[in-house]
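The structure under discussion appears below in the form of structure tokens.
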Amino acid sequence: MIRNFAMKHPRTCLLFLCSMLPGLLLSGRLAAQTPAVPALPATNQGIVVTLLGTAGPSMSQERAESGTLIQAGGETLLIDCGRGVPERLVQAGVRGVDKIFLTHLHSDHTEGLPILWMSGWNSRSTRMSLWGPGTGPDQPTGTVGLAQALTTAFATNTHIRRDLVEKWPAEKILIDAHDIEEGVVYQNKGVTVTAFRVKHDPVTPAFGYRIDYAGHSVVVSGDTRPSDNLVKFSRGADVLIHEVFMQGGPANGGSATGMAAGMAAGMAAVTGMGAPAGEGPPDSAVGAGNAVAAYHTSPEEAADIFTRVAPRLAVYSHIAPNLADPTDRTRAAGYKGPLQVGKDMMVITIGESVSVK
Ligand SMILES: [Zn+2]
Ligand SMILES: [Zn+2]
């Protein structure tokens, strides 16, 4: 079942719409000037996946935070929008993204949202639609609440640009937000998006997504510890994109140097990521690292998931810490199938064959 912001708050939406009529009169003219999202070649019957951001929480210039673009059947869908993802969309030449699916509400999956929302005001053909988890015991805001809070936070900017100076179209700055539950959450033009529960407690609910089109499919894990439900929903998938977390990461085969190493160390101090495995009180970097590791998936655990799912291609994204390479540990743990460590702007085409560029 989907809860809809407009349905849930009819009075708010009515007031909002009434205050925006002057802007609505301009929308047709502005829409005509707006370049559309680049269409896929008509001959392409498959799914094109662009890894826009492949890091977890990070200020890395090499890797943006979480964001995966899915293009299929003329549909353009974004899964998660962490820091740097709107900029990666510009780099990919893709504008007007208006359908965003959030796996969960951690900051590295949502920080780019206000930038995408505001910077895309005139390039979207319609309002922005958001799907994602609702509230939970340790989740005071869900996706609808996030959209409401964004609307409030940017009310001054919206009012001035919509009503007073730029007269930008009112319709396109609305957010159509949905708190979702497990199941099919979106279907159009032969593309089906299915949300499934993953295990990222205490972030509950948290979801992964499976996208099916023309007999092909890709699964994005979101953040999770090893999840039997993910294995179930990934059955028969062509490509499985899975998160990975390596305690003590940059020391395990990473290439941390100079400023990047300093950044990794800084993030370790703040988040526990990159802290060496071991004993330590909860408020120490080591203790925080243990707690963070407990709600993610190690390379050894991912090897088991990949072996059970046996996709045509297994892909690591949301690599944390972002300078580590999980390949050796994944192979040592026994996964023998095709494996790709994701990088920002990597393009995976899924059709009769699966190719990586
Ligand atoms: Zn994350
Ligand atoms: Zn998370």
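All of the numbers you see were taken from the coordinates with simple rules; none came from a lab. A quick note: this is a predicted structure, and the numbers were derived from the prediction, not measured. So basically every Cβ, Gly included, is an ideal-geometry build from the backbone, and we count neighbours across all protein chains shown.
Between His159 and Ala294, the simple label model (points 7 Å from Cα in the Cβ direction) yields a spacing of 4.6 nm. Taking the centroid of alpha carbons for each part, region 50-108 and region 297-347 are 20 Å apart.
Taking the fewest neighbouring Cβ atoms within 10 Å as the starting point, the ordered list for Ser125, Ser60 is Ser125, Ser60. Spin-label model, Arg312 to Ser107: label points 7 Å out along the Cα-to-beta-carbon direction sit 3.9 nm apart.
When each of Leu240, Leu77 is scored by the number of other beta-carbon atoms lying within 10 Å, the sequence from fewest to most is Leu77, Leu240.
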